[in-house]
Amino acid sequence: MNAAQTANLSCLLRQTARLFPDRRGLIQGEQSWTWAQIDARVDALVAALRALGLNKGDRILQQSRNNLAMFESAWAAFRMGCVWVPTNFRLTPAEVAYLGASSGAVVMLVETVFAGHAAAVREASPALRHVVWIGSDVPAGELVYEDLLAAQAGAAPTEETVAHDDPLWFFYTSGTTGKPKAGILTHGQMAFVVTNHLADLIPGTTEDDRSIAVAPLSHGAGIHALMNVARGAATVLLPSEKMDPEQVWQLIERHRVSNLFTVPTIVKLLVEHPAVDRCDHSSLKFVIYAGAPMYRADQRLALRKLGPVLVQYFGLGEVTGNITVLPRHMHSADDADPNANIGSCGRPRTGMEVAILDAEGRPLPAGEVGEICCRGPAVFAGYHDNPEATARALRGGWFHTGDLGRLDARGLLYITGRESDMYISGGSNVYPRECEDLLLEHPGVAEVAVLGLPDRTWGEVGVAVVVRREGSAPVTGDELLAFLDGRLARYRWPRQFVFWEALPKSGYGKITKKDVRALLYERGEVQPLDPE
């Protein structure tokens, strides 16, 4: 039986460019580009990459801050039937080199400020054939992004035919093993996700709306941008990678921004800044926060400052971030209001099913704690080149999040903990194993346990408990941070170092982090944080 083909996701940009050719689609600083200009540039980039020998299924690695090239390269990759492999630009050269090698990238698009990253990828990636530079001061003899587009200006539109399960995006996410894994997002899956996001997160969005990107387009903010493109709503990019709250509020006022995607840490920074009271933000309809729970006190302040605009979602990259949604009308600053739904991260997103399963994969009744699992068309197609991890994640026909929680009688989800050691700092997932492995390479470290503890500003921060190696000069926290510099992205660094004579272990000799956590509080080396 023959199956119908799936629309290439890039048709969203093409359709919008035909409907609203002269409307602005992207704004950064004093520059802006119309939908027609962006669509034509994407066609030129497609032609340029094809001239370099790229074909359907090839991987395109991108190391870039938010800018025009970052925005349009995704659509070019989709249009070619290639796979977009964006990085978090804050990663170190060694970390990006791993992504380039593990993805099998054949071309790298890179800003000139990341020359060290390009060199590391070239050394580590045997499949890499081309490096294309974005920006000024390009090394002599190298390929220049804008020159390639200029040479192909006016290129005829082409669009690769794709199937539902053809990959379009490698969404890198780490696991408890510490090595990042590429979650495969597909054309069919993402068509559902865009439709679903428009229904659940920013319903009623039109070409008259505006969005602002305050996070890297490589991850959740990039997925959020897709749905704004689908409705012709322009995206405003910050002038630089620095997130200045006053500047954000000024841009919201200037461009009449109606929606944004961010994390609780950034919402807190924005609403605590005096500019929130000086700037007109009455255009805001939806402020979507994800990536971590929000403390109730911060939630109340945001609702008081911004009005009923908060939308929460919970999820992981493997489900494009979103498993459950707590919409605007299910928030309230009044603790006595039944619509406050304090502590909940919402109901299943439309078209998805959420269950709490026990260790044997059996559904648990309302109120009982187990692993949060889900199934439905938003679930990814597995991990690239990692069948074992894919089988673990999708066992029993469900996607297993590794998070623990419960459902109430209405089907609202409450998170109670995590099976893994992963913690969330500033909205970014941090997996302690990566840091622990590096710290153990230091000659002064015998043992180490890194765990996330609550923090008022960042949600959680890392605390490293270190056992010094006997016979070595006593290592300090500053020395260990210097050792991590260049090896691990700064947001993954511990914020505190504690030194013990020994770490608690199980009968099997394994460090027991729950005991480490308990001892930290018992000894008063860290202080418990009251969420209120």
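The values are calculated or read from the model by the stated rules, or taken from the named source; none is laboratory data. On a predicted model such as this, the values are computed, not experimentally measured, just so you know. Don't worry about glycine lacking a Cβ; one is built from the backbone with ideal geometry, like all the others, and counts go over all protein chains shown. With ligands, DNA and RNA removed, areas are computed over all heavy atoms of the protein, side chains included. Shrake-Rupley method; radii C 1.70, N 1.55, O 1.52, S 1.80 Å.
Among the residues making up segment 226-263, those that are open to solvent by 10 Å² or more (accessible area, probe 1.4 Å) and under 16 Å from Leu201 (Cα atoms) are Ala230, Arg231, Phe261, Val263.
Taken over segment 1-59, the criterion of being within 24 Å of Ser103 (Cα to Cα) and of a type in the set (Asp, Glu) is satisfied by Asp58 alone. For segment 66-110, a tally of residues being among the acidic types (Asp, Glu) and closer than 26 Å to Met227 by Cα returns 1. Exactly one residue among Ala199, Ala153 is at pLDDT 95 or above, in a loop (DSSP other than H, G, I, E, B) and farther than 27 Å from Glu241 by Cα, and that residue is Ala153. Would you tally the residues in segment 264-275 being within 11 Å of Met243 (Cβ to Cβ) and open to solvent by less than 20 Å² (accessible area, probe 1.4 Å)? Qualifying residue count for the region: 2. Entry remark, segment 472-525: residues being loosely packed, with under 13 Cβ neighbours inside 10 Å, in a loop (DSSP other than H, G, I, E, B), more than 29 Å from the chain's Cα centre (by Cα) and modelled with pLDDT of 90 or more number 6 in total. One residue alone among Ala221, Ala191 is over 23 Å from Thr161 (Cα atoms) and of a type in the set (A, V, I, L, M, F, W, C), and that residue is Ala221.
In segment 409-425 there is at least one residue matching the filter, namely being over 29 Å from Pro363 (Cα atoms) and buried (at least 21 other Cβ atoms within 10 Å of the Cβ).
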